[in-house]
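J.: This is the structure I want to talk about, given as structure tokens.
The values are calculated or read from the model by the stated rules, or taken from the named source; none is laboratory data. What you see is a predicted model; the values in this text were computed from it and never measured. Backbone-built Cβ (ideal geometry, glycine too); neighbour counts: all protein chains shown.
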């Protein structure tokens with residue numbers, strides 16, 4: 001999933017990078033979330049799995065029209081797991097034959 005947010009604002013002053021600005025709120029509706037696979041009609045499964053969201057870019061256009069990059073820290077948020085699980089690559093044991101079969 002990829003979320004992109006772009007909004008136009010006409011502030012009376014340039015934003016201050018040290019200030020905290022709330023530009024958007026993303027709400028996940030878990031009214032029908034269930035553990036396990038779910039049935040697709042009365043329950044959406046997989047709520048027990050972790051979700052990782054990574055912010056890859058943050059910038060604003062200054063009054064003179066130039067783009068100013070904001071430092072991103074922290075750039076990761078997660079549910080049901082620590083941020084360290086977002087960085088790890090998923091892996092599972094497999095035989096060499098199973099790996100070769102993926103490329104045929």
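J.: For the range 52-76, name all the residues that are farther than 19 Å from residue 5 by Cα and surrounded by 10 or more Cβ atoms within 10 Å (Cβ to Cβ).
T.: 63
J.: Only residues that are loosely packed, with under 13 Cβ neighbours inside 10 Å and either more than 24 Å from residue 86 (Cα to Cα) or touching a helix residue (DSSP H, G or I) at 6+ places or on another chain (Cβ under 8 Å) (or both): list them for the range 33-49, please.
T.: 39, 40, 41, 42
J.: Take the residues in the range 77-97 that are out of contact with any strand residue (DSSP E or B) (no Cβ under 9 Å at 6 or more places or on another chain) and surrounded by 10 or more Cβ atoms within 10 Å (Cβ to Cβ), then tell me which one is modelled with the lowest pLDDT.
T.: 82
J.: Give just the number: which of (1) under 17 Å from residue 80 (Cα atoms); (2) surrounded by 10 or more Cβ atoms within 10 Å (Cβ to Cβ) does residue 27 not satisfy?
T.: Result: residue 27 fails condition (2) only.
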